[in-house]
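The structure appears right after this line, and notes come after that.
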Amino acid sequence: MADTHSVIGTKNKKGQTFTDTWAMMNDAPRTPSFYTGSEVIKEALRRASCDVMIAYPITPQSEAAALIGELFAEGYIGDYFRGESEFAVMSQCAGAAFGGARVFTTTAGPGTMRAMENFPMWSGARLPIQMIVTCRGINSPLSIQPDTLEIAYLLNTGMLVWHAETAQDFFDWILKGYMVSEEPDVHLPLALCCDGFFVTHTKDVVNLTPADMCLPPYDPYRSPVPCMDMECPPVRMMRDPFVMKSNYISYATHASWQQEVWAAVERSRKHTIKWLNGLIETENTDAEILIVASGTAVSQGREAIRLLEDEGIRCGLVKVKVLRPWPGEEIREATKNAKHIIVPEFNVTGWLAKEIKATIPNSERVHAGPRVCGGMTMPPEIIVSEIKTLLGIHTVSMASRG
Amino acid sequence: MSKERIKISEDLYDIMPSDYQDLVKSATYGKEDRGWKDIGNSKELIEQHSLCAGCPESMAFRYILASLPNPEDTVMVGSTGCTSLVFPMVAVHNIHSLFGNQNAIASGLKRALSVRFPGRTKDVVVLAGDGATVDIGLDMTLQAWFRQEKFTTICFDNELYANTGGQESGLMQKGFVAKMAPVGKLFDKVRLPEIARESGCHYVVQCTVSKPSLIEKVVRNAVMISREIGPTYLQLYTPCILEIGKNSMEGLQEMRDSEKPTERFAYKEYVSEPAKQLLAEMAAKDKEKKAAAKQLASQGA
Ligand SMILES: Cc1ncc(C[n+]2csc(CCOP(=O)(O)OP(=O)(O)O)c2C)c(N)n1
Ligand code: SF4
Ligand SMILES: [Mg+2]
């Protein structure tokens, strides 16, 4: 059986050195590069020692998925192809992961919804697949615009769910994500989400690790379930398949396995804290007003805080990086001084605000908004104006500006 | 070599289930000329099953598992349906994930195994019901064939959705009255064998499982051709005796009746040119081996 540690320091067929991930991410020199989010995904994959990537076109992830095809053509990825639909692609990803491969895919909006049946299956089968979700609208009439509603549907699948704010988050988290997902006490899929277009189609300076370093390969035998490759005994696990039995043992088996999946989500907490330096990031949490957000709403929140500061209003910030496992403790602690908790979101239902309300005492402090959706941008001014309204300060309405 | 992977530590031998001990003692992993005749003299790769008594699917399973040319390096992919009652008792790695996605799973699996074990044989064999293959999973069935994925697809055609209680399926005969076909099915049995040929399968056979020797031959051919050339498809009639109102003893006769030359399960075969060549090479090698063995035997005598 492969021992991942023994390959560190050796080279892959592209001449990249398998490098200890901690050293690669934290100690290796970084080169500032000016890239689109899609290009950043490609650069992360170049360093990810990925065995199989399966693609399907849907805006706004098509460019990233095609760029990874170029990586395959260059020899950086073991295998790559276009599947026939997102449902099929996610099953193809599952097949590859069952067979012991490190697997990567990307999707968005309707693609996420089309594939949905696969996600609880992935986590139930303990497949550490990484799926990038470049969120876009899922409503009718058809929309390709940024909108994060699809994340709400992912939260109860048993997948790890992270929400990146910037392209830099994306680059680092793709690589770190495999480290968390592939821990034997976790071994779960990761939905690494970002806000489509805002992150994928804008250029930003991203500090890249050296291109001649790559992750150690995935070791499918460090898994809580056997790899389906006939390299270990084909133990007949059951006399009777539980699906057909209406008895207590069957119910107990299904119940305990679901509990185990969610316990594994919990166990990812310590690894995630280590790799991401916490599930949340905070600034000035002693302020009475606090913006709590995830994704690019965090960036808009930061701008709003700057505008408010100009007017002498002090406001703190909580950036929620990880949605599953849910950082309940951290959010309770960070919001304990706040009188007003503002939750700006890029979706119509306000799923983040609901999660926060269910987590903290005195949840009437949570103001679920401003919310934009359907591709609208969120000018920092609307966050400012919402906060001022809450404080009873009169503002000129945005609409009157023409 | 194959038994190496399943052997039991001496200290733990007595606590292993007896059927596992039997596997180590007398299963035919690694036996080059394994086949249906091993049934009865060796440990089969299937233990008990919870199909209905007399269900022809159980015969089909036994013949197929006895005939896989390389079970020690074969991974099977199933789907939801009556077959999923059996897979937990099958002694080759097998995957159940969802209903209808079996050919998508197999596509990813085969590619992963090719990336991980270059130059080594790892066969992938799909086994699913007609509902899974032809209705809910049809796009994935066909697309895997279009892409020339190198694995074998086997469909247990019982002409209905057995596991959910006998509803209409695409492979059901026209006019058959069933649940969800209250006035009889209104369209013809889907001609998947022909579609398989047009979709790029290199070996297509439709038959019943009445004859173990025939199943041995077609399974071997299908697996070898998919390993070397491209996709292959077997459509096997495994009547659902429960839903067509037959007794446990009547499955075999039902298959014999349906495979007569004028009936819908008359033997049908398609072999592509490259597959024909491969089969000819295999036959020539077999002949050579037999001749050599004969010579050796006569020298010894
Ligand atoms: C997505 C989904 N839809 C429907 C079902 C319900 N279902 C389970 S088995 C089955 C029928 C299987 O029929 P077939 O593939 O012909 O296999 P058989 O039981 O006849 O061997 C159905 C409809 C399911 N499990 N999943
Ligand atoms: S329901 Fe039909 S197909 Fe299923 S096990 Fe019983 S006889 Fe066989
Ligand atoms: Mg059926």
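Going by the conditions given, is B:Leu142 aliphatic (A, V, I, L, M), closer than 29 Å to B:Gly184 by Cβ and out of contact with any strand residue (DSSP E or B) (no Cβ under 6 Å at 6 or more places or on another chain)? Against the criterion (aliphatic (A, V, I, L, M), closer than 29 Å to B:Gly184 by Cβ and out of contact with any strand residue (DSSP E or B) (no Cβ under 6 Å at 6 or more places or on another chain)), B:Leu142 qualifies.
Here B:Ala144 passes the criteria (1) away from ligand 3 (no atom under 16 Å from the Cβ); (2) touching a Phe, Trp or Tyr at 6+ places or on another chain (Cβ under 7 Å) except the one numbered (2). Pick from the stretch A:33-77 the residues that are in a loop (DSSP other than H, G, I, E, B) and β-branched (Val, Ile, Thr): which of them is farthest from A:Gln92 (Cα to Cα)? Selected residue: A:Thr59.
Considered as a group, the residues in the stretch B:31-51 that are hydrophobic (A, V, I, L, M, F, W, C) and at pLDDT 95 or above include one that is most open to solvent (accessible area, probe 1.4 Å), and that residue is B:Trp36. Of all residues in the stretch A:366-383, none satisfies the criterion of being assigned to a helix (DSSP H, G or I), open to solvent by 50 Å² or more (accessible area, probe 1.4 Å) and in contact with a strand residue (DSSP E or B) (Cβ under 8 Å, 6 or more places away or on another chain). Every condition in (1) at pLDDT below 90; (2) more than 8 Å from every other protein chain (Cβ to nearest Cβ) holds for B:Pro56 except the one numbered (1). The residue of the stretch A:173-192 that is most open to solvent (accessible area, probe 1.4 Å), among those that are touching a Ser or Thr at 6+ places or on another chain (Cβ under 9 Å) and either farther than 26 Å from A:Trp257 by Cβ or not assigned by TED's automatic domain parsing to the domain that holds A:Pro60 (or both), is A:Lys176. Answer with yes or no whether A:Gly316 is more than 12 Å from A:Ser294 (Cβ to Cβ) and surrounded by fewer than 19 Cβ atoms within 10 Å (Cβ to Cβ). In short, no.
Output yes when any residue across the stretch A:85-107 is away from chain B (no Cβ under 14 Å) and not hydrophobic (A, V, I, L, M, F, W, C), and no when none is.
yes
Might you let me know whether the stretch B:210-229 holds any residue that is within 16 Å of ligand 1 (Cβ to nearest atom) and either within 14 Å of chain A (Cβ to nearest Cβ) or not charged (D, E, K, R) (or both)? Checked the stretch B:210-229: no residue is within 16 Å of ligand 1 (Cβ to nearest atom) and either within 14 Å of chain A (Cβ to nearest Cβ) or not charged (D, E, K, R) (or both).
Candidates are the residues of the stretch B:261-281 that are of a type in the set (Gly, Ala, Ser) and within 19 Å of the chain's Cα centre (by Cα); the one that is farthest from ligand 3 (Cβ to nearest atom) is B:Ala275.
Determine if the stretch B:245-260 includes at least one residue that is assigned to a helix (DSSP H, G or I), within 16 Å of ligand 3 (Cβ to nearest atom) and either within 14 Å of chain A (Cβ to nearest Cβ) or in contact with a Ser or Thr (Cβ under 7 Å, 6 or more places away or on another chain) (or both).
Yes, the stretch B:245-260 has at least one match.
Within the stretch B:147-183, restricting attention to residues that are more than 14 Å from ligand 3 (Cβ to nearest atom) and closer than 29 Å to B:Gly200 by Cβ, the residue that is farthest from the other protein chains (Cβ to nearest Cβ) is B:Lys174. Does B:Ile6 meet the test of being within 14 Å of chain A (Cβ to nearest Cβ) and either open to solvent by 10 Å² or more (accessible area, probe 1.4 Å) or farther than 25 Å from B:Ile215 by Cα (or both)? So B:Ile6 fits the description; yes. Of all the numbered requirements in (1) assigned to a helix (DSSP H, G or I); (2) surrounded by fewer than 20 Cβ atoms within 10 Å (Cβ to Cβ); (3) within 21 Å of the chain's Cα centre (by Cα), A:Val348 misses one, and that requirement is (1). Can you confirm whether B:Cys201 is surrounded by 20 or more Cβ atoms within 10 Å (Cβ to Cβ) and out of contact with any Pro (no Cβ under 8 Å at 6 or more places or on another chain)? Answer is no for this residue. Of the candidates A:Leu71, A:Leu67, A:Leu45, the single residue that is in contact with a strand residue (DSSP E or B) (Cβ under 7 Å, 6 or more places away or on another chain), farther than 24 Å from A:Met228 by Cα and away from every other protein chain (no Cβ under 14 Å) is A:Leu45.
Considering each of A:Asn277, A:Asn247 in turn, give the residue that is modelled with pLDDT of 95 or more and open to solvent by 30 Å² or more (accessible area, probe 1.4 Å).
A:Asn277
Contact map, the stretch A:216-241: residues that are more than 10 Å from every other protein chain (Cβ to nearest Cβ) paired with residues that are at pLDDT 90 or above and open to solvent by 60 Å² or more (accessible area, probe 1.4 Å), Cβ distance under 7 Å, separation 6+ or inter-chain. Pairs shown: A:Pro216/A:Ile8. Checking B:Phe156, B:Phe151, B:Phe146 one by one, the residue that is modelled with pLDDT of 95 or more, of a type in the set (A, V, I, L, M, F, W, C) and more than 24 Å from B:Val86 (Cβ to Cβ) is B:Phe146 and no other. Of A:Leu317, A:Leu307, all but one fail to be more than 17 Å from the chain's Cα centre (by Cα) and outside any strand (DSSP E or B); the exception is A:Leu307.
Restrict the check to the stretch B:230-239 and report whether at least one residue is within 16 Å of ligand 1 (Cβ to nearest atom), farther than 22 Å from B:Ala106 by Cα and open to solvent by 70 Å² or more (accessible area, probe 1.4 Å). Checked the stretch B:230-239: no residue is within 16 Å of ligand 1 (Cβ to nearest atom), farther than 22 Å from B:Ala106 by Cα and open to solvent by 70 Å² or more (accessible area, probe 1.4 Å).
Of the residues contained in the stretch A:250-258, none is found to be in contact (Cβ under 8 Å) with a residue 12 or more places away in the chain, open to solvent by less than 20 Å² (accessible area, probe 1.4 Å) and within 14 Å of another protein chain (Cβ to nearest Cβ). Note on the stretch B:42-151: enclosed helices (runs of 4 or more DSSP H) holding 2 or more residues that are within 16 Å of ligand 2 (Cβ to nearest atom) and under 13 Å from the mean Cα position of the chain (by Cα) are B:56-67. For B:Phe176, state whether it is within 16 Å of ligand 2 (Cβ to nearest atom) and open to solvent by less than 10 Å² (accessible area, probe 1.4 Å). No; evaluated as a whole, the condition is false for this residue. Scan the stretch B:52-75 for residues that are within 16 Å of ligand 1 (Cβ to nearest atom), out of contact with any Phe, Trp or Tyr (no Cβ under 7 Å at 6 or more places or on another chain) and open to solvent by less than 10 Å² (accessible area, probe 1.4 Å) and the total you get is 3. Cβ separations smaller than 6 Å between residues 6+ apart or across chains give the following pairs from the stretch B:97-114 residues that are more than 7 Å from chain A (Cβ to nearest Cβ) to residues that are outside any helix (DSSP H, G or I) and among the polar types (S, T, N, Q): B:Phe99/B:Ser79; B:Phe99/B:Thr80; B:Gln102/B:Ser79.
For the stretch A:284-304, state whether one or more residues are in a loop (DSSP other than H, G, I, E, B) and within 14 Å of chain B (Cβ to nearest Cβ). No: the stretch A:284-304 contains no residue that is in a loop (DSSP other than H, G, I, E, B) and within 14 Å of chain B (Cβ to nearest Cβ).
The values are calculated or read from the model by the stated rules, or taken from the named source; none is laboratory data. Quantities reported herein were computed from a predicted structural model and do not represent experimental measurements. Every residue, glycine among them, receives a Cβ derived from its backbone with ideal geometry; neighbour counts consider all protein chains shown. Please note that ligands, DNA and RNA were not included when accessible areas were found on the heavy atoms of the full protein model with its side chains. Shrake-Rupley method; radii C 1.70, N 1.55, O 1.52, S 1.80 Å.
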